[in-house]
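Each value in this text was obtained by applying a stated rule to the coordinates, not by laboratory testing. Note that the structure is predicted; figures quoted are calculated from it, not measured. Ideal geometry is used to build each Cβ from the backbone, glycine not excepted, and the neighbour counts take in all protein chains shown.
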Amino acid sequence: MNKSLDIICATYGNLPMVKECIETWFPVPEGWNVYIYDSQASELDGTKEYLRAAKDIFGFNLIEDGRILTHSVAIEELMKKSKSEWILHLDSDVKILNKKVFEWINEKINNTNAKLLGQIDPRHFTPYFNHYATDGNYRICVPRTASWIMLFQRKFIDEHELSFSNMDLRFPVSSPNNMMNLSINHKIDKSTNRVVSPKTMNVLADVSWQVFWEAYRQDAFEKIPNEIWNMFEHKHGGSRTWRAKNKHMIFSPTNDTEKITSEGEKSSNR
């Protein structure tokens, strides 16, 4: 008996991109389910109305609860709805160019010992220092699998209590881990022309970093071959980018409470 799989995706608006991409996913193989979390932000450009109509045409499950969740929290909300053994996460700006990719996925999840399949984000092959932020923090980028296409086993996430939303790994810079000894570009205080010592170090990760590192540690990460990876197309025009550009339309500058963005968390207008 084939193992079950759900496709999950979060959207935030950008109707032309959402429509262009997700319609290439259907029809999905028999027994697979698709869950789409639609943020309240998509009210601005008709994405919400489109998805409400499209769910009956294509047969996907639409989750909308009036919130504007961060992408990572939206993934975790989608996982609460999904019940399958395997999950394929696709960003809303990912097109499927060749449906044979579904045949490969179905064969793979029924025969692999891997727990996570993907490709390393080419920007993050090795840890590297990114930039000195204006808030006094150095940021280090860590290797991770590209989050826009992730195939992973649900049991692996649950057993190791891995999080998609716990990405802020900030810690004080003290003598044992002082970054001043490293050959990186430090911030220069223009008024004194002296190097400014960092206050903290912040790991600049992504929703996939915990899953990738645990899979890598257990030798349970498998690279998706290039010929299969190229059956997808990442349009690099995600609805999260659209939402960021239109944030002033979503949040009223006269309302300090704003909409809830995650469980127990409210965003500010600052």
*Quick one: what are the phi-derived ³J(HN,Hα) couplings along the range 220-233, Karplus 6.51/-1.76/1.60 with θ = phi - 60°, whole Hz, x for glycine and proline?*
10, 9, 10, 6, 6, x, 4, 5, 7, 4, 6, 7, 9, 9
_Positive-end extreme of charge dipole, the range 16-130 - chosen from Leu90, Ile75, Phe102 (charges on Cβ)_ = Phe102
_Sites Glu222 and Glu20, calculated FRET efficiency, Cβ-Cβ separation with R0 51 Å, nearest 0.05_ = 0.95
*How large is ³J(HN,Hα), in whole Hz, for each residue of the range 14-21 in order, when computed from phi with the Karplus curve 6.51 cos²θ - 1.76 cosθ + 1.60 and θ = phi - 60°, using x for Gly and Pro?*
6, 3, x, 5, 4, 5, 4, 8
_Between the range 208-226 and the range 28-85, what is the separation of their alpha carbon centroids in Å?_
26 Å
